[in-house]
């Protein structure tokens, strides 16, 4: 199956997201491709605006990219949900002078919670990985 863009109906609710929203005036605007339903990937480079230490992307920005990737993995399954828990492990700093690859995949659904994992790689080096649970909420309206 060739990669597709993420344009499922739930994504329309997310247009102003700081991570992946195309209309956010100062956002990262990550563009995710669907590798298969529940599995997405994006590649980007970030400038110094997103740094913590010189040449290193702020850890909170890395966390936000992983959270956004997992949200988009759910969108590729036509599911809109919010983060219930997020656990991160930082292995290496994410450099802003290298291509950043963000990938997320749905693992399972149990008792109304969606379980996902995500990672950031630079080259073949794992920089950050995350596991999260997402929950549907009536406030989303779908």
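Just so it is clear, none of the values below were taken in a lab; they were calculated from the coordinates. These figures come from a predicted structure and were not determined experimentally. Here Cβ is always computed from backbone atoms with ideal geometry, including for glycine, and neighbour counts include all displayed protein chains.
For labels at residue 12 and residue 84 in the simple 7 Å Cα→Cβ model, what's the distance in nm?
Going by the 7 Å Cα→Cβ label model, 2.7 nm.
Before rounding to the nearest 500, sum -39500 (n - 2.57) across all DSSP H runs of length at least 4 in the chain and divide by the residue total; then give [θ] at 222 nm in deg cm²/dmol.
Value at 222 nm, helices only: -4000 deg cm²/dmol.
With viscosity set to 1.002 mPa s at 20 °C, what whole-number translational diffusion coefficient in µm²/s follows for the chain from Stokes-Einstein and a Kirkwood radius over Cα pairs?
So the translational diffusion coefficient is about 142 µm²/s.
In whole angstrom, how far apart do the alpha carbon centroids of the range 92-142 and the range 66-80 sit?
After rounding, the separation between the Cα centres reads 9 Å.
Between residue 98 and residue 47, what length comes free when the chain is fully extended (0.36 nm per residue of separation minus the Cα-Cα distance, one decimal in nm)? Walk me through the intermediate numbers first.
On the way: separation 51, 0.36 × 51 = 18.36 nm, distance 1.01 nm.
Separation in residues times 0.36 nm, less the Cα-Cα distance, equals 17.4 nm.
What's the angle, to the nearest 10 degrees (0 to 90), between helix 59-75's Cα axis and the longest principal axis of the chain?
Here the helix axis deviates by roughly 30 degrees.
So how much slack lies between residue 26 and residue 137, counting 0.36 nm per residue of separation and subtracting their Cα-Cα distance, in nm?
37.3 nm
At what distance in nm do the modelled label points of residue 36 and residue 129 sit from each other, each positioned 7 Å from its Cα along Cα→Cβ?
Each label point lies 7 Å from its Cα, and together they span 2.0 nm.
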